[in-house]
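Asker: Below you will find the structure I want to go over with you.
The values are calculated or read from the model by the stated rules, or taken from the named source; none is laboratory data. Since the structure is predicted, the reported quantities are computational estimates derived from the model, not experimental observations. For neighbour counting, all protein chains shown are included, and Cβ atoms are generated from backbone atoms with ideal geometry for every residue, glycine included.
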Amino acid sequence: MDTSSDVLKKLGTHVSSALQEVGAQLKYHAKQAKSELSANIDNFKSPICGRLGSEVSCSLFPVPNSRSLRTTELKTSGNYTFGFDVKFHQQEIGLIEVSVTGVDLRLCKFSWRRKLHSYECLIDHCTQSTYKLTADDVGNTIVVNCSLEGSHEYAEAELGPIDIDVRSKRLIQDALINNTSRHQLYLLEVNSEKVPSQSDYRHIVLYLLAEEVTLKPEDNMGFSWRSKCRFGTDFPRAKLDVEDELRFYLEFDTDLKFTLRVYNRNQRDLVVLMLRVFHSRVLLNNSFENNQMELTREGRLDQLVNMSTLSLNALVERLSVDVSFLILENSRLSRELERAKQEKSFLELEMKSTIQVFQEQIANEQQAAREAGVEAPIKLQTKNLEKEPEDKDLNTHRVLPRKLHSQRGLSRQTTTASALSEFDTTGDENQGLYADLVNRNAMLNEKLSLLTQENNSLQEKLNKQVGEKNRLEKQSKCALKDLEDLKSENEQLQVKMGELRSKLRKLSLLDSKTE
């Protein structure tokens, strides 16, 4: 009875502490919601918790005066003689402040570091007496060093490990259970020509899945591009911007880097932390599977340690799923490639027909200009002949045809020039349209080449996966063959044991007879 009462008392204390923490967070959220609802919504610089809606502003870190903050360990050291204290801010969430008494604060030099076991990282961008926590600090211990200028005195404090609040833990836990998470972001910049970054694609959606992360435009009309990256050893990487607290960078590979902006600082920390949690889970699962799959060069299983076994069927099934996924991706890219080829051929036919029509139109206009240039000198010649006096000299009549010839050439030149000047405007329009068609064809050729390269890379990956699958099938066959050999050897040993037992029985009978 005493033990059960002690257990109930401990359980009651745990429940009461949890209820106190939840109550403190509810009071804080209610107070902040009341202040936000009473304010003017038009004056908000950015939406709260993603979009303007009924949700209140939430935080990645615990609220002030909560139990988790009160139980955070604080260790101080140094040879200081002045007053030195490190604590969380009483009103602002996630803010660590250092208070110094007995000396001028301007004479103190501060440096901040992150510490995880034996690893340390210097925080270069912060040299003040206050520091705002970010997603990079979760799980770490924050170390602050305060040195007094002109003196050898220094003070150092370690605060941590830094934890997140209950609501954020539940959000991350639910996302891990459901294997998906969706976040609305702004796309500011991208350093690759594969992904367009015009104003139509500024609103994008980040999808966190079980084994990959995907970026795509928010509107359905902008589904012309979609960028995704599978969780690997090096990528994707998420890096916070130290100057702008609403911006972070997402790298899919060495040549593809997105600059993203969120609605508030807490959303940025939550998105980055959730991305790292999904990535860490995949890496842990892969390391566990690799540790379970230790194979020798001959394709046979290593010696069993502690009676542990390896399911080759499960391994082959997993690789088969990966191969089927790559086959589906290859078929999708093949369809896109065929669609691009059809669009290219259609545009080439359209360009040829347009060029042919333009050439016919130009030829007709030039023919009309030539005919107009021939008729104008003839009319001018008849008018000049009517105006000439009849009592002209014979020499004058002899010179007249030469003069008419020059006039005819001059009139032809002027008429042709006027016709060409009238044709200049239409020619410019035709050339502009032709240039647009050529540029579009070049863009389609570039897109076709990119799709071809991606298809080739996927084909190489598919070939590697198929080769890996075949290798594992051979290894499984070898293992099964070894198992059959062991079974046959076991049967032979059992037969020999039976023969030995019969011989022992005979010997025992002979011994009994001799006695």
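Asker: Can you tell me how many residues in segment 146-169 are of a type in the set (Ser, Thr, Tyr) and either in a helix (DSSP H, G or I) or not assigned by TED's automatic domain parsing to the domain that holds Ser118 (or both)?
Answerer: Our first condition is that a residue be of a type in the set (Ser, Thr, Tyr); within segment 146-169, this holds for 147, 151, 154, 168.
Then keep just the ones that are either in a helix (DSSP H, G or I) or not assigned by TED's automatic domain parsing to the domain that holds Ser118 (or both); that gives 168.
Of the residues in segment 146-169, 1 are of a type in the set (Ser, Thr, Tyr) and either in a helix (DSSP H, G or I) or not assigned by TED's automatic domain parsing to the domain that holds Ser118 (or both).
Asker: List the number of the failed condition for Asp393; all other conditions in (1) surrounded by fewer than 14 Cβ atoms within 10 Å (Cβ to Cβ); (2) under 30 Å from Asn456 (Cβ atoms); (3) at pLDDT below 85 hold.
Answerer: In the conditions (1) surrounded by fewer than 14 Cβ atoms within 10 Å (Cβ to Cβ); (2) under 30 Å from Asn456 (Cβ atoms); (3) at pLDDT below 85, Asp393 misses (2) alone.
Asker: In the set Arg237, Arg202, Arg226, which member is modelled with pLDDT of 85 or more and assigned by TED's automatic domain parsing to the domain that holds Leu270? Show your work before the answer.
Answerer: Values: Arg202 fails: modelled with pLDDT of 85 or more; Arg226 fails: modelled with pLDDT of 85 or more.
The match here is Arg237.
Asker: In this structure, does Asp482 turn out to be modelled with pLDDT of 75 or more and either of a type in the set (Val, Ile, Thr) or exposed (fewer than 10 other Cβ atoms within 10 Å of the Cβ) (or both)? Walk me through how you get there before you give the answer.
Answerer: Working: modelled with pLDDT of 75 or more: yes; either of a type in the set (Val, Ile, Thr) or exposed (fewer than 10 other Cβ atoms within 10 Å of the Cβ) (or both): no.
No: the conditions fail for Asp482.
Asker: Still on this model: Residue under question is Ser449, and the condition is that it be of a type outside the set (A, V, I, L, M, F, W, C) and closer than 29 Å to Ser320 by Cα; does it hold? Lay out the reasoning, then the answer.
Answerer: Values: of a type outside the set (A, V, I, L, M, F, W, C): yes; closer than 29 Å to Ser320 by Cα: no.
In short, no.
Asker: Kindly list, by first and then second residue, each pair from a residue in segment 94-118 that is in contact (Cβ under 8 Å) with a residue 24 or more places away in the chain and under 16 Å from Ala157 (Cα atoms) to a residue that is among the aromatic types (Phe, Trp, Tyr) and not in a strand (DSSP E or B), limited to pairs with Cβ atoms under 7 Å and residues at least 6 apart or on different chains.
Answerer: Listed by first residue and then by second, the contacts come to Val100/Phe82.
Asker: Among (1) in a strand (DSSP E or B); (2) over 30 Å from Val271 (Cα atoms); (3) in contact (Cβ under 8 Å) with a residue 60 or more places away in the chain, there is one condition Tyr80 misses while meeting the rest; what is its number?
Answerer: (1)
Asker: Taking Val213 as the residue in question, decide whether it is closer than 19 Å to Leu458 by Cβ, aliphatic (A, V, I, L, M) and out of contact with any Gly (no Cβ under 8 Å at 6 or more places or on another chain).
Answerer: It is true that Val213 is closer than 19 Å to Leu458 by Cβ, aliphatic (A, V, I, L, M) and out of contact with any Gly (no Cβ under 8 Å at 6 or more places or on another chain).
Asker: Going by the conditions given, is Ser457 closer than 30 Å to Lys228 by Cβ and either in a helix (DSSP H, G or I) or within 37 Å of the chain's Cα centre (by Cα) (or both)?
Answerer: On the way: closer than 30 Å to Lys228 by Cβ: yes; either in a helix (DSSP H, G or I) or within 37 Å of the chain's Cα centre (by Cα) (or both): yes.
So Ser457 fits the description; yes.
Asker: Is it the case, given these coordinates, that Gly160 is modelled with pLDDT under 85, over 13 Å from Met274 (Cα atoms), surrounded by 18 or more Cβ atoms within 10 Å (Cβ to Cβ) and small (Gly, Ala, Ser)? Walk me through how you get there before you give the answer.
Answerer: Values: modelled with pLDDT under 85: yes; over 13 Å from Met274 (Cα atoms): yes; surrounded by 18 or more Cβ atoms within 10 Å (Cβ to Cβ): yes; small (Gly, Ala, Ser): yes.
So Gly160 passes the test.
Asker: Now for a different question. Taking Leu312, is it surrounded by 11 or more Cβ atoms within 10 Å (Cβ to Cβ), modelled with pLDDT of 85 or more and not β-branched (Val, Ile, Thr)?
Answerer: On the way: surrounded by 11 or more Cβ atoms within 10 Å (Cβ to Cβ): yes; modelled with pLDDT of 85 or more: no; not β-branched (Val, Ile, Thr): yes.
The answer is no for Leu312.
Asker: Tell me which residues, restricted to segment 235-272, are over 13 Å from the mean Cα position of the chain (by Cα) and of a type in the set (Asp, Glu). Please lay out each step first, then the result.
Answerer: Kept after step one, since they are over 13 Å from the mean Cα position of the chain (by Cα), are these residues of segment 235-272: 240-247, 261-270.
Scanning segment 235-272 gives Asp241, Glu243, Asp244, Glu245, Asp269.
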